[in-house]
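Colleague: Here it is: the structure, laid out below.
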Amino acid sequence: MILTVTMNPSIDTAYPLAGPLKVDDVNRVEPIKTAGGKGLNVSRVLGQLGDDVLATGLLGGRMGDFIADRLDECGVAHDFARIAGESRVCVAVLHEGNQTEFLEAGPEVSGDELAGFGEKFRGLAGRADVVTMSGSLPRGVDAGYYAELAGVAAGAGAKVLLDTSGASLDAALAAKAKPYLVKPNLTELGGLLGREFSPERLDEVRDAVASDERFAGVEWVVVSMGAAGSAAFHQGRAWRVRAPRIECVNATGSGDSTIAGFAHGIAAGADPAEVLRLGNTCGTLNAMDPATGHLPMDRWDDVYSAVEVEQV
Ligand code: ADP
């Protein structure tokens, strides 16, 4: 079983406008509402890949009910801890090629609620082969919380795929039980290491990852680079993955889809080249579809065979 963790899910609401955004005036809209949050994107893609997936995390109030209903509709099994605060709503106004976003911070989580989730997680992690943790943590939760969960999951024998950034990533890399896989994008890696990287100088990326003690003991470090594919480091070996050239429709959720592909491959015991091919196939397919965290499966064979994976 693959367990996905979403600590701060949202109802992602898109407001497509026919014309310009009218400020200080009325804009009439037909909303498109989806269950959002990076971990939910991972869950949906794993569902498409046919994996045995269970989504967990925190859900609150009527907004939380809505998110659970949407997961039911797309057949993703879930077992969330309930909290008193309402799960958040994030609004994206789409106007004249622009995307103006309004992101709620989400509910504050109490110590008791977090402890309740911790208990649930302990039980679920014991049944999981792979655990994915994605996205930011809600208010009231310490930046070291993913590191704590990763320790519990690793202790239960599960492989942890962690897709987060900033202080949470830092804390997880400083912990004794390191995640099995981390997937910073080039910008997030730069933030972590305090310098800038470019896809043209992957030798610099490789040297930086190899020489930074924080990555020691992490089985997989994958640095994703959007249309340029990714660079990966696994057991002392470096890999370069080139994504096929595609017409990019919506790359939001491509990183989450990549994590789903990795989880799928790792849970199935695939070899390193196949794990990379699966992850990048999912990332690229997501970019070809207007829906976030959704793969056009009819294009699978074309993309899978066009992804280039080589050891460098
Ligand atoms: P994140 O969403 O975490 O920033 P990326 O944007 O790096 O992640 O995308 C993750 C993966 O998705 C890439 O490594 C690549 O395989 C694929 N991908 C993303 N955007 C494109 C694109 N425009 N063309 C082809 N593949 C893409």
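The values are calculated or read from the model by the stated rules, or taken from the named source; none is laboratory data. Since the structure is predicted, the reported quantities are computational estimates derived from the model, not experimental observations. A quick note on method: Cβ atoms are made from the backbone with ideal geometry, for glycine too, and the neighbour counts reach across all protein chains shown.
Colleague: When you go through G50, G39, G85 one by one, which is the residue that is at pLDDT 95 or above, touching a strand residue (DSSP E or B) at 6+ places or on another chain (Cβ under 6 Å) and either among the charged types (D, E, K, R) or not in a helix (DSSP H, G or I) (or both)?
Modeller: G85
Colleague: F233 is checked against (1) part of a loop (DSSP other than H, G, I, E, B); (2) in contact (Cβ under 8 Å) with a residue 12 or more places away in the chain; (3) surrounded by fewer than 24 Cβ atoms within 10 Å (Cβ to Cβ) and fails just one. What number does that condition carry?
Modeller: Single failed check for F233: (1).
Colleague: Does R28 count as modelled with pLDDT of 95 or more and either touching a Lys or Arg at 6+ places or on another chain (Cβ under 6 Å) or assigned to a helix (DSSP H, G or I) (or both)?
Modeller: no
Colleague: Let me ask another. Return the residues of region 147-182 that are surrounded by 22 or more Cβ atoms within 10 Å (Cβ to Cβ), touching a Phe, Trp or Tyr at 6+ places or on another chain (Cβ under 7 Å) and part of a loop (DSSP other than H, G, I, E, B); say none if nothing qualifies.
Modeller: Passing the criteria: only T164.
Colleague: Next up: Quick check: is even one residue across region 183-193 more than 15 Å from the ligand (Cβ to nearest atom), surrounded by fewer than 19 Cβ atoms within 10 Å (Cβ to Cβ) and not polar (S, T, N, Q)?
Modeller: yes
Colleague: Also, quick follow-up: Scan region 1-25 residue by residue and report those that are modelled with pLDDT of 95 or more and of a type in the set (D, E).
Modeller: Across region 1-25, the qualifying residues are D24, D25.
Colleague: Something else: Please pick out the residue among R245, R237, R206 that is near the ligand (Cβ under 9 Å from one of its atoms), over 25 Å from A143 (Cα atoms) and more than 18 Å from the chain's Cα centre (by Cα).
Modeller: Answer to the selection: R245.
Colleague: Now a separate question. Please go through region 279-298 and pick out each residue that is touching a Ser or Thr at 6+ places or on another chain (Cβ under 9 Å) and either farther than 23 Å from A238 by Cβ or more than 11 Å from the ligand (Cβ to nearest atom) (or both).
Modeller: Result: L285, N286, A287, A291, T292, G293, H294, L295.
Colleague: Tally the residues that are surrounded by fewer than 24 Cβ atoms within 10 Å (Cβ to Cβ) and either assigned to a loop (DSSP other than H, G, I, E, B) or free of Cβ contacts under 8 Å to residues at least 24 places away in the same chain (or both), restricting the search to region 251-277.
Modeller: Adding up the residues that qualify gives 8.
Colleague: Also, I was wondering about something else. Scan region 194-203 for residues that are within 15 Å of G166 (Cβ to Cβ) and either in contact with a helix residue (DSSP H, G or I) (Cβ under 8 Å, 6 or more places away or on another chain) or within 12 Å of the ligand (Cβ to nearest atom) (or both) and jot them down. First the steps, then the outcome.
Modeller: To start, the set of residues in region 194-203 that are within 15 Å of G166 (Cβ to Cβ) comprises 194.
Listed by number, the list is empty, since nothing qualifies.
Colleague: Is it the case that region 288-298 has a residue that's at pLDDT 95 or above and assigned to a helix (DSSP H, G or I)?
Modeller: yes
Colleague: Taking N280 as the residue in question, decide whether it is part of a helix (DSSP H, G or I) and within 13 Å of V307 (Cα to Cα). Give the derivation first.
Modeller: Values: part of a helix (DSSP H, G or I): yes; within 13 Å of V307 (Cα to Cα): yes.
Against the criterion (part of a helix (DSSP H, G or I) and within 13 Å of V307 (Cα to Cα)), N280 qualifies.
Colleague: Taking the condition of being assigned to a loop (DSSP other than H, G, I, E, B), touching a residue at least 24 places away in the same chain (Cβ under 8 Å) and over 18 Å from the mean Cα position of the chain (by Cα), how many residues in region 107-143 meet it?
Modeller: Number of matching residues: 7.
Colleague: So S254 clears everything in (1) near the ligand (Cβ under 10 Å from one of its atoms); (2) under 19 Å from V131 (Cβ atoms); (3) small (G, A, S) except one condition, right? Which one?
Modeller: Going through (1) near the ligand (Cβ under 10 Å from one of its atoms); (2) under 19 Å from V131 (Cβ atoms); (3) small (G, A, S) one by one, S254 breaks only (2).
Colleague: Could you tell me which residue of region 209-230 is surrounded by the most Cβ atoms within 10 Å (Cβ to Cβ), considering only residues that are within 10 Å of the ligand (Cβ to nearest atom) and aliphatic (A, V, I, L, M)? Steps first, answer last, please.
Modeller: Just the residues of region 209-230 that are within 10 Å of the ligand (Cβ to nearest atom), to begin with: 222-230.
Still in the list and also aliphatic (A, V, I, L, M): 222-223, 225, 227-228.
On the way: V222: 26, V223: 24, M225: 20, A227: 16, A228: 16.
The extreme case among them is V222.
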